[in-house]
Amino acid sequence: MLLSLVCITDARGGGGGGWQPVFFDVTQFGAVADGKTDNSMVSNLSISMQCAIQSRDSILESMERSVPLEGKSEDMDSPRGTTWVNSVIFRGPCQGPMVLLINGTLMAPSDPKLFMSDHWIGFQYVDGLVIKGGGTLDGQGLSAWSYNDCFTNSQCKPLPVTMRFDFVNNARIRHIRSINSKNSHFNIFACNNLNMSHIKISAPEFSPNTDGIHIGSSNNIKIAHSVIGTGDDCISMVSGSQNIDISDVSCGPGHGISIGSLGRSPYEEHVTGITIRNCTLNGTQNGVRIKTWAPSWPSVASDFKFENIFMSKVNNPIIIDQQYCPRPNCDENAQSEVQISNVTFKNIWGSSSSKVAVTLKCSRIVPCENITLVNINLSYDGPGGGPSSSFCSNVRGQTIGTQNPPGCL
């Protein structure tokens, strides 16, 4: 069973029967796991059948317990065939929750005529969703990265995100691997109560804009027990990201774990309540980063905690950059109007590949407020040796405990 949808129906009725899984194995509707046949229409057929079945009193935890995997556990190293799937959207609302089981490998199209859209596999307006199965999503990004020319081409078309979630509530995504996405691997927008765990994400360090997990306008998102290595941010959180918990994530290669960039558009939603803890960053361009555009529109970024994080040869282990401008001809005197406040960096240790291990470059218009560094121990591990250093501008805060490099607050 390479790819299947499971509808959870309430079979209690009058006599009581509890939650009952109803399987729709796409191979029973004509899907072929030969790595060539387009199975998109089969997938659409299955989701239409799933949404037509009545269910009531949907409880996500009960739904997950009701759907054991066949045979072995969710093993990401046991392939069960390969199937090619064109762009597809699973669109609700549905009458009941749904489970998508992915075994083996799903391959995205490599023909440019087929991948010039903003997603490969999408979920919209679904309440109660589980995706699992130990399978792999192969975005075949090498066929598309040369088309990523948006820095020089104002008419560029967006490359597809591997898996996109829009207006999805109460979801669990676990034991899934994503490789070589054309754009971001997973995009989360306008979602609530979505948990991702035991995710493996990989793309070459040179691959452009292949963020591992990109979050925006979403609340109560948890990411845990995952390994992410890409050509861009391992995890990025932009406007409207609130109450995000990230734990036990190994990141590298990539640009690190980033909040931002913020302030590029007017009326951006506030970004608040983000915790990043018990993580490892290895050889990344940045470690934990907050970045805002300069100049920028006004907004608020507050209540962030970065705790118990190990850095190994990270170029910018701790960085607040309120003069972010990746394009040429930037105005060095421009200032951000994003107010950053109540940020704690605690128990962060390891090595920096640059001499400046701590950079707190805040806005002259709205200085960073209440920035706290607790027990920081980051040595310089690069050419020439010597001690690490720190840089601070327009920031108000305090240091507590060990400070290596010496604090500049």
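A few comments on the model shown:
- Violating pairs (Cα-Cα greater than 18 angstrom) within the set Lys291/Lys361; Lys222/Lys313; Lys313/Lys361; Lys132/Lys200; Lys132/Lys222; Lys291/Lys355: Lys222/Lys313; Lys313/Lys361; Lys291/Lys355
- Values of log10 I(q)/I(0), in the order q = 0.13, 0.14, 0.21, 0.28 Å⁻¹, for the range 306-359 under a Debye, Cα-only, solvent-free model: -0.45, -0.51, -0.91, -1.09
- Under 22 Å from the Cα of Lys113 - lysines, other chains or at least 8 residues apart: Lys36, Lys157, Lys182
- Summarising the label geometry, the points placed 7 Å from Cα in the beta-carbon direction at Cys408 and Glu269 lie 3.5 nm from one another.
- Legend: translational diffusion of the range 244-283 by Stokes-Einstein, Rh = Kirkwood radius over C-alpha pairs, 20 °C, 1.002 mPa s; D = 179 µm²/s.
- Asn153 paired with Asn278, simple spin-label distance in nm, labels 7 Å along Cα-to-beta-carbon: 4.5
- Look at Leu373, Leu100 and count the other Cβ atoms within 10 Å of each Cβ; fewest to most, that gives Leu100, Leu373.
- Kirkwood radius and radius of gyration were both taken over the C-alpha atoms of the range 357-408, and their ratio Rg/Rh is 1.03.
- Taking the three principal axes of the alpha carbon atoms in the range 215-255, the coordinate ranges are 26, 19, 7 Å, sorted in descending order.
- The simple Förster model, with R0 at 51 Å and r as the Cβ-Cβ distance, assigns Leu114 and Asp331 a FRET efficiency of 0.80.
- Cleavage-rule hits, trypsin sites (Lys or Arg not before Pro), the range 287-352, DSSP coil, Cβ neighbours within 10 Å at most 12: none
- Ranked by how many other Cβ atoms sit within 10 Å of their own Cβ, fewest first, the residues Glu369, Glu332 fall in the order Glu332, Glu369.
- In this entry, the range 297-409 is assigned a mean projected area of 7.3 nm², taken as a quarter of its C-alpha convex hull surface.
- For the range 320-409, DSSP calls about 0 percent of its internal beta bridges antiparallel.
Rule-based calculations on the coordinates, nothing more; no lab input. Computed from a prediction, not measured in an experiment: that's the story for all the values here. Counting neighbours? That spans all protein chains shown, and the Cβs are built from the backbone with ideal geometry, glycine included.
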